[in-house]
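Quick notes on the structure that follows.
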Amino acid sequence: MPALLAFDTSGERIHIGVAAGEAAWVAEEAGGSQASANLIPCVRQVLDRAGIGLRELDAIAYGQGPGAFTGLRAACSTAQGLAWGAGLPVLPIDTLMAVAEDARARAGARDVWVAMDARMGEIFAGRYRWSDAGWATLVAPALVTPDALAALCASHPSGWLAGSALGEHAARLQCRPEVTLDPDAGPRAHALLACARAAWARDKPLDPADAIPRYLRDKVALTIAQRKAGARSAA
């Protein structure tokens, strides 16, 4: 099995994992606006705990997104810098697939709509199905409104809806009673490492120069008028 470093900074928490053989070391730290400052020190701490140097790794995996613009940029640039310095390839990981893997590992989910809060009244969503061959993407990650996701879930039903958007938009998603909700699912380190191992076995690792984030939104803030309109609508 490969020796891998994996991390994701797409949301409010940083998730970091190192795997060597069957062993794994993981950590979680404050992300969001603190992601850029906290990521490298936390990576060093986890590598020190594992007793593994960067050059002893086979690859560096990073959460490609979708997610917060600054978080995705921090993960991608850090993966590039570390990989270039150590002469390693990189593995981009679909952040939403890592959330699906977390739901599977913790609760047995196998056909999952993932819905992560994208702020500004929108959701990063995708659908994934687990089989003996691993995860397959049934609906590629997209930026949608809660109403649009509710329609997608109704027309393409699955047994699970997982992710942070449930905390903000659960009422508007209008889930059927038989759908299992998992608002706590996230791109945790063990899930990232599982996806990284699968990517190592399935895909050709990338040169660091080819690493890119997966941005689904060009606009990162609402105008004053849009914020006021949103407040009136909520009221």
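In Å, what Rg and Dmax follow from the Cα atoms of the chain?
17.7, 56
I'd like the FRET efficiency for Ala140 and Leu54, computed as 1/(1 + (r/R0)^6) with the beta carbon distance as r and R0 of 25 Å, rounded to 0.05.
So the FRET efficiency works out to roughly 0.20.
Given charges of +1 on the Cβ of Lys and Arg and -1 on the Cβ of Asp and Glu, with all other atoms neutral, how large is the dipole of the chain about its Cα centre, in debye to the nearest 20?
Once rounded to the nearest 20, the dipole reads 560 debye.
Could you check the simple spin-label distance between Ala154 and Met1, using points 7 Å along Cα→Cβ, in nm with one decimal?
In this crude spin-label approximation the distance works out to 4.4 nm.
Taking every DSSP beta bridge that has both residues in region 107-182, what percent is antiparallel when rounded to the nearest 5? Numbers along the way, then the final one.
Working: 15 of 21 bridges.
Taking every DSSP beta bridge with both residues in region 107-182, the antiparallel ones total about 70 percent.
What ranking do Cys175, Cys76 get, fewest neighbouring Cβ atoms within 10 angstrom at the top?
If I rank by nearby Cβ atoms, fewest first, I get Cys175, Cys76.
In nanometres, what is the gap between the two model label sites at Ala133 and Ala86, each 7 Å from Cα along Cα-to-Cβ?
Going from the Ala133 label point to the Ala86 one covers 3.1 nm.
Taking Cα centroids, how far is region 71-122 from region 151-177 in Å?
So the separation of the two Cα centres works out to 21 Å.
GNM on the chain, C-alpha springs below 10 Å: top fluctuator among Val18, Val144, Val179?
Looking only at Val18, Val144, Val179, the biggest GNM fluctuation is shown by Val179.
So what is the calculated 222 nm ellipticity per residue for the chain, using -39500 (n - 2.57) for each DSSP H run with n of 4 or more, over all residues, to the nearest 500 deg cm²/dmol?
When only DSSP H runs of four or more count, the value is -12500 deg cm²/dmol.
Label Met120 and Ala30 with points 7 Å out from Cα along Cα→Cβ: what is the distance between them in nm?
2.6
What's the FRET efficiency of Ile40 with Arg217 using the Cβ-Cβ distance as r and R₀ = 30 Å, to the nearest 0.05?
Taking R0 as 30 Å, the efficiency between Ile40 and Arg217 is 0.70.
Can you tell which of Ala98, Ala125, Ala209 shows the greatest fluctuation in a Gaussian network model of the chain with Cα springs below 10 Å?
Among Ala98, Ala125, Ala209, the largest mean-square fluctuation in the Gaussian network model of the chain belongs to Ala209.
Where a number appears in this text, it was derived from the coordinates with a stated rule and is not lab data. None of these values were measured; they are calculated from a predicted model. Please note: Cβ atoms are built from the backbone with ideal geometry, for glycine as well, and neighbour counts cover all protein chains shown.
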